[in-house]
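Novice: Here it is, the structure in full.
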């Protein structure tokens, strides 16, 4: 898979927006499929189907990372999101006995507020990315591929160690918080 | 052109391995269980040692009617066996069998690729458990999910320990860096990885998600014929993948006392076969654990052991450098 990909990426020598290369076209198509899956995820009335469409959307994102030669990020995306987060979601859905077929109450009154928040978040993210990179062209092929494990590791642990460690402390705090919350509920249940 | 041919040939080879090895393990399981437990059934078909039992099973599965329960979610019910089986095919592509280029496709972040894709296979069981519209299936699906969440972590930690030792996350790179003294050094990690892998495959003694005597094969209760056979096949393919991975990560793959050049792939196959035998042996020997015992084993034994292994790896690594 990656072999075919690098040969595709190698053909991106003359770059421009009017003569898209194979890899750019694939990127766009996968992006459209991902977007479609994401829209179905939030609009379908069948709860478990929503979770499974989420798998498609997250898998599509992983493919996008692959096309950008960020192999490590792509596999971690699959490992964490598809392998763990979605399994957790399905576990929750099964515990609550999600019905087969439509759930009549799978309709939130907050949908317009949610749409507004989603649009604002998307606008902020796009703005940040566009503002940060402007017209910078990052070559995907060449001597030092940008997305390999080695490069990711070096960047993460040389230049971004402090944010990385701060993030892990944040996650630890969340973990401890979750334990505290669940223990408290246990005590109330005993009474 | 020769590049394309090379890729096609490699993928074809992986596909052949994917079709053959799981069946070989299935056949071995029949025979080993028959000998160890004095089962007479599997020893008759075809005459000598019941060689035709597997063929008979295949014919039986192919003849059965393919039934989808009326209350089931048809599409997800039918899709589930494929979701369970295909990830193992993908994983086989990345497992190196010999030195040099004897691998379906070199994947840069091999360990992550393998563990990530193996985790996807579990979605098949979950889909089957929910879509069958059967309470036993639902229980099986719940147990599968609970088991996966308990076992993903120690498995990852054990694999991370080897990656630290080798200084790379690529599978061929790890085997290249192997020395014989890695075996005693990483033995705890190896055991954790193997046990966690058994639990992920839902093999005895960790087979409470399928537990035929309490919840009637769990997520697979409603399946018949070829779709059921696909689930069984995915279990055997999972054994191949788990044993192959343990060989590559912890037992040095193609390294052996002699004949490492040229015959290295034989060492890989031999180690994998011995591990597969152990998997079958465990099935015959041990009773099934309860779900809570399994969770307790994972969270109070395997994860601390895996963390201790990582600490040991780190200390040795720092001291020897």
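Novice: From the gyration tensor of the Cα coordinates in the protein assembly as shown, what semi-axes in whole Å does the equivalent ellipsoid have, largest first, with each one equal to sqrt(5λ)? Write out the running numbers ahead of the final one.
Specialist: Values: eigenvalues 255, 198, 132 Å².
That gives 36, 31, 26 Å for the three semi-axes.
Novice: Moving to a separate point now. Under 16 Å from a point 7 Å along the Cα-to-Cβ line of residue A:35: which residues of the range A:53-86 have their amide N that close?
Specialist: Label zone hits: A:57-58, A:60-61, A:64.
Novice: Per-residue ellipticity at 222 nm for chain B, helices alone: DSSP H runs ≥ 4 residues times -39500 (n - 2.57), over residue total, nearest 500 deg cm²/dmol? Write down the numbers at each step before the final one.
Specialist: Numbers: 13 runs with 227 residues, N = 321.
It lands at -24000 deg cm²/dmol.
Novice: Over chain B, with a Gaussian network built from C-alpha contacts below 10 Å, which listed residue (B:309, B:147, B:293) shows the highest mean-square fluctuation?
Specialist: Result for chain B, Cα springs under 10 Å: B:293 fluctuates most.
Novice: Let me ask you something else. Treating the angle as unsigned and between 0 and 90°, give the value, to the nearest 10°, between the Cα long axis of helix B:53-63 and the longest Cα principal axis of chain B.
Specialist: Orientation of helix B:53-63: about 50 degrees from the principal axis.
Novice: Further, regarding this structure: Just want to confirm a number: the relative contact order over chain B, from Cα pairs under 8 angstrom separated by 6+ residues, in percent.
Specialist: On the way: 475 pairs, mean separation 75.3, N = 321.
About 23 percent, as a whole number.
Novice: Moving on. Considering the convex hull of the alpha carbon atoms of the range B:44-99, report its projected area averaged over all viewing directions, in nm², one decimal.
Specialist: Values: hull surface 28.0 nm².
Quarter of the Cα hull surface area: 7.0 nm².
Novice: Still on this structure, I have one more. Test of understanding: in a Gaussian network model of chain B with alpha carbons linked when under 10 Å, which of B:129, B:225, B:253 would top the mean-square fluctuation ranking?
Specialist: Comparing B:129, B:225, B:253 in the GNM, the peak value goes to B:225.
Novice: Based solely on C-alpha atoms, express the radius of gyration and the Dmax of the range B:9-116 in angstrom.
Specialist: Answer for the range B:9-116, Rg first and Dmax second: 18.4, 53 Å.
Novice: Roughly what angle does helix B:225-250 make with the longest principal axis of chain B, taking Cα atoms, 0 to 90 degrees, to the nearest 10?
Specialist: Computed tilt is about 10 degrees.
Novice: Can you give me the C-alpha center-to-center distance between the range A:152-169 and the range B:1-52, rounded to a whole angstrom?
Specialist: 47 Å
Novice: Follow-up question, since we're still on this one. Using only the Cα atoms of chain B, what are the Rg and Dmax in Å?
Specialist: When restricted to the Cα atoms of chain B, Rg and Dmax are 20.0, 64 Å.
Novice: Note the full-extension length gain between residue B:176 and residue B:45 as 0.36 nm times their separation in residues minus their Cα-Cα distance, in nm to one decimal. Walk me through the intermediate numbers first.
Specialist: On the way: separation 131, 0.36 × 131 = 47.16 nm, distance 4.47 nm.
Fully extending the segment from residue B:176 to residue B:45 adds 42.7 nm.
Novice: Above 22 Å lies some portion of the pair distances; for the range B:114-230, what is it as a whole percent of all C-alpha pairs?
Specialist: Values: 2891 of 6786 pairs.
The answer is 43 percent, as a whole percent.
Novice: Explain nothing, just the number: relative contact order of the range B:3-74, from Cα pairs under 8 Å at least 6 residues apart, as a whole percent.
Specialist: Numbers: 27 pairs, mean separation 10.6, N = 72.
Dividing the mean separation by the residue count of the range B:3-74 yields 15 percent.
Novice: What nm value, rounded to one decimal, do you get for the distance between residue A:103 and residue B:60 when each label is placed 7 Å out toward the C-beta?
Specialist: 4.0 nm
Novice: Measure nothing but the geometry: give the 0 to 90° angle between the long axis through the Cα atoms of B:74-94 and the longest principal axis through the Cα atoms of chain B, rounded to 10°.
Specialist: Once rounded, one gets 20 degrees.
Novice: What residue among B:71, B:98, B:173 shows peak mean-square fluctuation when chain B is described by a Gaussian network model with Cα springs under 10 Å?
Specialist: B:71
Each reported figure results from applying straightforward, stated rules to the coordinates on display, with no laboratory input. All figures in this text were calculated on a predicted structure; none of them were measured in a lab. We place every Cβ from the backbone using ideal geometry, glycine too, and count neighbours over all the protein chains shown.
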